[in-house]
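J.: Okay, handing you the structure first.
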There are 2 protein chains.
Amino acid sequence: MKVVIVGGVAGGASTGARVRRLDDAAEILILERGHYVSFANCGLPYHVGGEIPDRDSLLLQTPESLAASLALDVRTGHEVVGVDAVAKEVEVREVDGGRTYRETYDKLVLCPGAEPIRPPIPGADHPRVDVLRNIPDMDRIISDVDAHATRAVVIGGSYIGLEMAEAFRTRGLTTTIVERTDRLMPWLDPEMTRILDFHVTTHGVDVRLGSSATAIREDGAALLVELSDGSSVATDIVVLAVGVRPSAELARQAGAVIGPLGGIAVDAEMRTSVPDILAAGDAVETAHFVTGEPVLSMLAGPANREGRIAAETICGRQTAYRGTQGTAIVKVFDMAAGGTGLTEAQLRERGINHRKVYTHNNDHAAYYPGSSPMFIKVLFAPGEGALLGAQVLGWDGVDKRIDVFAMALRAGVSVFDLEHVELAYAPPYGAAKDPVNMIGFQASNLLKGDIRLWYPEDYPECASKTAILDVRTPAEYGYWHVPEAINIPYTELRGRLGEVPRDRPVYSYCRSGFRSYLAYCILDQHGFTDTAFLSGGLITFCGFHRTPLQVGPGGFPIVAHVEDAMATRPGALEHV
Amino acid sequence: MKVVIVGGVAGGASTGARVRRLDDAAEILILERGHYVSFANCGLPYHVGGEIPDRDSLLLQTPESLAASLALDVRTGHEVVGVDAVAKEVEVREVDGGRTYRETYDKLVLCPGAEPIRPPIPGADHPRVDVLRNIPDMDRIISDVDAHATRAVVIGGSYIGLEMAEAFRTRGLTTTIVERTDRLMPWLDPEMTRILDFHVTTHGVDVRLGSSATAIREDGAALLVELSDGSSVATDIVVLAVGVRPSAELARQAGAVIGPLGGIAVDAEMRTSVPDILAAGDAVETAHFVTGEPVLSMLAGPANREGRIAAETICGRQTAYRGTQGTAIVKVFDMAAGGTGLTEAQLRERGINHRKVYTHNNDHAAYYPGSSPMFIKVLFAPGEGALLGAQVLGWDGVDKRIDVFAMALRAGVSVFDLEHVELAYAPPYGAAKDPVNMIGFQASNLLKGDIRLWYPEDYPECASKTAILDVRTPAEYGYWHVPEAINIPYTELRGRLGEVPRDRPVYSYCRSGFRSYLAYCILDQHGFTDTAFLSGGLITFCGFHRTPLQVGPGGFPIVAHVEDAMATRPGALEHV
């Protein structure tokens, strides 16, 4: 059997390795148009920033090492430019030299990856406007930085954009992020990411939200990035990080069905619609684990697994790709942000009925050094409480909680299992009631009808219909409060029930949602039957309403004035 | 309703808080014989060591704070000395002063915790022989250290013993651990903990394994700890950390059934056998999540959950404790060690049929700074592959993988789900194929019959019946190898198949198990039908056979000579 694999990075290399392990007699040919195979593309930004000092460490394999260990015939600089699915041949062009030749195949696996998108604006093709997708891209950016660059503009505020902004700051460049939407990491729900805007800004990055680049022009030795808000930013380097699109052209040419998102359509065995042609990696559309809908995952984990499945299919094994969960994480300076499953925005778009809760517990016991808050949101089905998605941001322990949620989602469990799961506790690592347990408590209390919640989006409408009760201390209330709120500290509530209006629903809140939960219990049992507390407290409230942020005690952001907030751009961040 | 709770630490405080939230009208009385409630007992060793500088941070609550927030009547220094289950009264003694009085109850919850065991040896009750269970214990140890102690002996090498040894080393004391079994952390399987013995020793602790203290005597100003091997250790402080036993005396006196392990027997609703008496925390026996057998968990997580369940039962809620998983972790200097579910030893004792695999992948992408190896063992059922237990040791990311396994165990999934779960990947946090996926691959390959494994315990018997094939490089082979092994690097294997004996089974191995897996695939497909590779490679092999260890490249232990190993005590550790 002769297996030809187009592309030698994550999906292609995984396919080749797995075919070899299953079939030592197979002839396996990997054709990679670039000059590197199986390199660490997720590590590229960290070499730009210098955290990974050794460039060679990114070159995980070479054609020679793959020949020695796995008897793979790897040809770099060989681009497949055509597929004849009837004759079962590919046409190959040598990138250096241009010679073309044909190779036959018994099985063809398309792993061409994805191409960075260049927005259709003047100057997007300027030679100093970079993308970061492979080793030569990285080398070029580093060489530009080394050539006395002092300023960088990153267009796009998601994964690569944030990683590149951090890399440029680490290298000492004045750095600007231009993001079209109203927030960084726009795939997360909006109320969750406010803290990221703040964190990135406090690390010296000029964050321009709600702006897009309209043109990139030369201005003497510099480049000038013109923005949709009429402003412009002078810079020495521009990196485009506005997303990628699947490289589906070869598949299309071979007659394969292309999916609704532009990726190569494959079945669970990674077969395209064309006999003997399979596909894996960033170029394919797989089924989402929760919805079953086609999804482009564009991440290394799924790419590796898909390659593995393709190989098993080729070798006649019973196998199936079990869906893409959408688990992801990004390091943003000292913080981490990510999630698994569906976001609230995705659930709403699809009309999927759901409930949600927020918590803000510390990653480990507060009395042990280095403890820091985590911001968690969990989405789940009404009734039985099947987990639908989770988002986590914070400083430490974020990856751990995302992975626990990812395992829970994969296992199909409910929020009741989050309540009961027994996680590893010692003070450096967690809490006797882990944040996962804590959010499980709130979710299961909600499903059992033991609590009622209100949410930031209920405001300001709710202000005219309810009594809003701030149960924090007078000092906290004095620092800032929801304008319509009255203040009764939860510790005084039992003795001051007469001050709580009985003619309207009572909506209580505190900073994170714990004290107002206690207040809820008191009110609920003293005849205030129409009462609720604010899930996630002011932390989530101010994230949703995008209030200005200030550095509070302990160095973590707390809220400033919500009155200003509705009209305030993040550029107005105050650092106290 | 009047609820009386005996004990105000983890289980008791949780019970009281949850009853209050569910019933604001309840009269809740917590009687704690110590002078502190709801303190951070898991943090005590870290205040001794100085990592937690502020003693007050360990005092999470006071009677005053609990009265203010939860309207609890908390009386410290009040010991319940008798229960009259017919009259529904307890007899209380004021620890300071000795006055006694009676309190009636509608519901009584026993949360008395556990008592440190003092071994029955001369001197165990000497005033400078300490235990560490509460704040006064901690204060006394710190005061002893401050009084110019330069030497400490810790008796017991499990959780508290290791944490105390680290604390004493951090304070600069010459420190000895005396452990009765042949290894530190004896609840983990023996082949896993060798690295801990080494790590603790390299941090300057004198580790005496296979020794027990036979007497503690005064020797001038010092104490002399006499050991079962005839040696003795002079010291200024002795801490006993040989375990705890449940404080079941009150329950016994009240007529409650005591379980086979000496703890208070409770049902899933935390009811004892006596009407209106419940129990929670370290003093109770709960059902193990996997076996259903009674188990003493003695950890903070279950204690908190049990208290919560007891409260829900009291307040008439439908509730049930869903079993103790046995999840645990301990920080040991820079390392972490722990697990969830059952160990191999526990499975063997119970005659539960099982399979096992080992992997040693790095915690995150090796090219990103700070990557370090992790040592993972997973136990699972034959056939469907239900997860039964997991153990993880390493430097970083250990808690994360334990928690993912704990969630998987709770969800009742199989090793096939470990293969497919999509975990959060970015280079600082993991790998595109996470260690959890990697061990899932090996386990599912094993169950599907795609691979065959051999194990360290097959040696030396297997040496006479098989060809042992070392597929590492000649340099590695030259440094050390299994004595009977022949060396053919896996990269040369295809060309040197003629050198591989065909008259015997072929058992291959490498350092961690990956290269020998590739060798297995080659051999299996070239007619060597009776072949297997060593799960976990030499790392696990040398852990099992307790070979001397040396510091190798990168600072991590590698193996030395196994010939010596069989007869060598860990005291002979060589530091190169």
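The values are calculated or read from the model by the stated rules, or taken from the named source; none is laboratory data. On a predicted model such as this, the values are computed, not experimentally measured, just so you know. Here the Cβ is made from the backbone with ideal geometry for all residues, glycine too, and neighbour counts use every protein chain on show. For accessibility, only protein heavy atoms count, side chains too; no ligands or nucleic acids. Shrake-Rupley method; radii C 1.70, N 1.55, O 1.52, S 1.80 Å.
J.: Between chains A and B, what is the buried accessible area summed over both chains (1.4 Å probe, protein heavy atoms, nearest 100 Å²)?
T.: Using a 1.4 Å probe on protein heavy atoms, the buried area is about 7300 Å².
J.: Helix A:300-314 versus the longest principal axis of chain A: what angle, 0 to 90°, nearest 10, using Cα atoms?
T.: That helix lies at roughly 50 degrees to the long axis.
J.: With a 1.4 Å probe and every protein chain left in place, work out the accessible area per residue of chain B in Å², rounded to a whole number.
T.: 35 Å²
J.: Calculate the spin-label point distance for A:Tyr479 paired with A:Asp139, positioning each point 7 Å from the Cα along the beta-carbon direction, and give it in nanometres.
T.: So the label points at A:Asp139 and A:Tyr479 sit 5.3 nm apart.
J.: Something else: Given A:Gly537, A:Thr313, A:Val154, which one lies farthest toward the positive end of the charge dipole of chain A, if we put +1 on the Cβ of every Lys and Arg and -1 on the Cβ of every Asp and Glu?
T.: Towards the positive end, the residue furthest out is A:Gly537.
J.: Relative contact order for chain B: what percent, with Cα pairs under 8 Å and sequence separation of 6 or more?
T.: 10 percent
J.: Follow-up. Please compute the length gained on full extension between A:Met1 and A:Ser273, using 0.36 nm multiplied by the number of residues separating them and subtracting their Cα-Cα distance.
T.: The A:Met1-A:Ser273 span can extend by a further 95.9 nm.
J.: Over all directions, what mean area does the Cα convex hull of the protein assembly as shown project, stated in square nanometres?
T.: That works out to 47.2 nm², a quarter of the Cα hull's surface.
J.: Of all DSSP beta bridges in the protein assembly as shown, what percent run antiparallel (nearest 5)?
T.: Of the beta bridges lying entirely in the protein assembly as shown, close to 55 percent run antiparallel.
J.: Quick one: dipole size for region B:205-278, taken about the Cα centre, charges +1 on Lys/Arg Cβ and -1 on Asp/Glu Cβ, in debye to the nearest 20.
T.: Roughly 220 debye for region B:205-278.
J.: What full-extension length gain, to one decimal in nm, is calculated for A:Arg502 and A:Ile352 as 0.36 nm per residue of separation minus the Cα-Cα distance?
T.: Extra length available between A:Arg502 and A:Ile352 comes to 50.5 nm.
J.: For the charge dipole of region A:319-387, defined by +1 on Lys and Arg C-beta atoms and -1 on Asp and Glu C-beta atoms about the Cα centroid, which residue among A:His364, A:Met335, A:Val378 has the Cα displaced farthest towards the positive pole?
T.: Towards the positive end, the residue furthest out is A:Val378.
J.: Find how many whole Å separate the alpha carbon centroid of region A:273-334 from the alpha carbon centroid of region B:402-452.
T.: 16 Å
J.: List the lysines whose Cα sits under 22 Å from the Cα of B:Lys400, skipping any in the same chain fewer than 8 residues away.
T.: A:Lys331, A:Lys377, A:Lys400, A:Lys433, B:Lys331, B:Lys356, B:Lys377, B:Lys433
J.: For region B:179-313, what is one quarter of the convex hull surface built on the Cα atoms, given in nm²?
T.: The Cα convex hull of region B:179-313, projected and averaged over all directions, gives 11.5 nm².
J.: Let me ask another. If each label sits 7 angstrom from Cα along the C-beta direction, how far apart, in nm, is B:Ile117 from its counterparts in the other copies?
T.: Reported distances to equivalent positions: 6.4 nm.
J.: Mean shadow of region B:380-450, computed from the convex hull of its alpha carbons, in nm²?
T.: For region B:380-450, the mean projected area of the Cα convex hull comes to 4.7 nm².
J.: Probe radius 1.4 Å, ligands and nucleic acids ignored: give me the carbon and sulfur share of the accessible area of region A:14-91 as a rounded percent.
T.: Of the solvent-accessible surface of region A:14-91, carbon and sulfur hold 49 percent.
J.: So what's region A:19-154 giving for Rg/Rh, alpha carbon basis, Kirkwood Rh from the mean inverse pair distance?
T.: 1.03
J.: If you don't mind, another one. Restricting the count to DSSP beta bridges whose residues both fall in chain B, what percent are antiparallel, rounded to a multiple of 5?
T.: 55 percent
J.: How long are the semi-axes of the equivalent ellipsoid of region B:352-417, defined as square roots of 5 times the Cα gyration tensor eigenvalues? Whole Å, largest first.
T.: 24, 12, 9
J.: Right, another one. When you look at the Cβ of every residue in A:35-42, what mean number of other chain Cβ atoms sits within 10 Å?
T.: Mean partner shielding for this stretch: 2.
J.: By how many nm would the segment from A:Ser69 to A:Glu492 lengthen if fully extended, with 0.36 nm per residue of separation less the alpha-carbon distance?
T.: Length gained, A:Ser69 through A:Glu492: 145.2 nm.
J.: What average number of partner chain Cβ atoms lie no more than 10 Å from the Cβ of the residues making up B:408-416?
T.: Partner Cβ neighbours, averaged per residue: 5.
J.: At 1.4 Å probe size, what's the solvent-accessible area of B:Asp54? Round to the nearest 10 Å².
T.: We get 80 Å² for B:Asp54.
J.: Okay, moving on. Kirkwood hydrodynamic radius of region A:196-271 from all distinct Cα pairs, in Å?
T.: Here the Kirkwood hydrodynamic radius works out to 16.2 Å.
J.: For a Förster distance of 60 Å, can you work out the FRET efficiency between the beta-carbons of A:Thr150 and B:Val81, rounded to the nearest 0.05?
T.: Once rounded, the FRET efficiency stands at 0.20.
J.: Ignoring ligands and nucleic acids, what accessible area does B:Asp144 show with a 1.4 Å probe (Å², nearest 10)?
T.: For B:Asp144, solvent-accessible area is about 40 Å².
J.: Taking +1 at the Cβ of each Lys and Arg and -1 at the Cβ of each Asp and Glu, which of B:Leu261, B:Val225, B:Ile522 sits farthest along the dipole of chain B towards its positive end, judged by Cα position relative to the Cα centre?
T.: Looking along the dipole axis, the top candidate is B:Ile522.
J.: Within region A:123-200, what whole-number % of the accessible surface is contributed by carbon and sulfur, with the 1.4 Å probe and all protein chains included in the calculation?
T.: C and S atoms contribute 52 percent here.
J.: Could you work out how far the C-alpha centroid of region B:474-550 sits from that of region B:51-104, in angstrom?
T.: Using only Cα atoms to place each centre, the spacing works out to 63 Å.
J.: Moving to a separate point now. Placing unit charges on C-beta atoms (Lys and Arg positive, Asp and Glu negative, everything else neutral), compute the dipole magnitude of chain B about its Cα centre in debye, rounded to 20.
T.: Using only the charged Cβ atoms, the result is roughly 860 debye.
J.: May I pose another question? Check which residues have an amide H placed less than 5 Å from B:Glu293's amide H, if you skip close sequence neighbours.
T.: Amide H neighbours of B:Glu293, under 5 Å, 5+ apart: B:His288.
J.: Kindly give the distances from B:Pro474 to its copy-mates, label point to label point, with each label point 7 Å from Cα along Cα→Cβ, as nm values to one decimal ordered shortest first.
T.: 8.5
J.: While we're looking at this one, here's another question. Based on the Cβ-Cβ distance from A:Ser231 to A:Val257, what FRET efficiency comes out when R0 is 45 Å, to the nearest 0.05?
T.: E between A:Ser231 and A:Val257, to the nearest 0.05, is 0.50.
J.: Can you tell me the convex hull volume per residue for region A:303-351, based on C-alpha atoms, in Å³ to the nearest whole number?
T.: In region A:303-351, the Cα convex hull volume per residue is 103 Å³.
J.: With +1 on the Cβ of every Lys and Arg and -1 on the Cβ of every Asp and Glu, and nothing else charged, how large is the dipole of the protein assembly as shown about its Cα centre, in debye rounded to the nearest 20?
T.: Using Cβ point charges on Lys, Arg, Asp and Glu, the protein assembly as shown gives about 1140 debye.
J.: Write down Rg/Rh for region A:237-309, rounded to two decimals, with Rg from the C-alpha atoms and Rh from the Kirkwood relation over Cα pairs.
T.: When Rh is taken as the Kirkwood radius, the ratio is 1.00.
J.: Could you tell me the convex hull volume per residue, in Å³, taken over the Cα atoms of chain B?
T.: In chain B, the Cα hull volume divided by residue count equals 167 Å³.
J.: How many nm separate the modelled label positions at A:His35 and B:Ala25, each set 7 Å beyond the Cα in the direction of the Cβ?
T.: About 8.2 nm, to one decimal.
J.: What are the distances, in nm and sorted shortest first, from the label point of A:Val81 to the label points of the same position in each other copy, with each label point placed 7 Å from Cα along the Cα-to-Cβ direction?
T.: 9.8
J.: While we're looking at this one, here's another question. May I ask you to derive the FRET efficiency for B:Gln318 and A:Ala345 from their Cβ-Cβ distance with R0 = 25 Å, giving the value to the nearest 0.05?
T.: 0.10
J.: Same structure, new question: What residues in region B:313-356 lose 40 Å² or more of accessible surface when the other protein chains are added to their chain alone (1.4 Å probe)?
T.: In region B:313-356, residues shielded by partner chains: B:Arg322, B:Thr327, B:Ile329, B:Lys331.
J.: A further question on this structure: Report the accessible area of A:Tyr490, computed with a 1.4 Å probe over the heavy atoms of all protein chains in place, in Å² rounded to the nearest 10.
T.: 40 Å²
J.: Cα centroid distance between region A:185-261 and region B:192-232, in Å?
T.: Spelled out, the Cα-based centre of one part sits 61 Å from the other.
J.: Moving on to the next point. At each listed q (0.12, 0.14, 0.18 Å⁻¹), what is the log10 of I(q)/I(0) that the Debye formula gives for region B:1-79 modelled as equal alpha-carbon point scatterers?
T.: After summing over all Cα pairs, the log10 values are -0.35, -0.46, -0.69.
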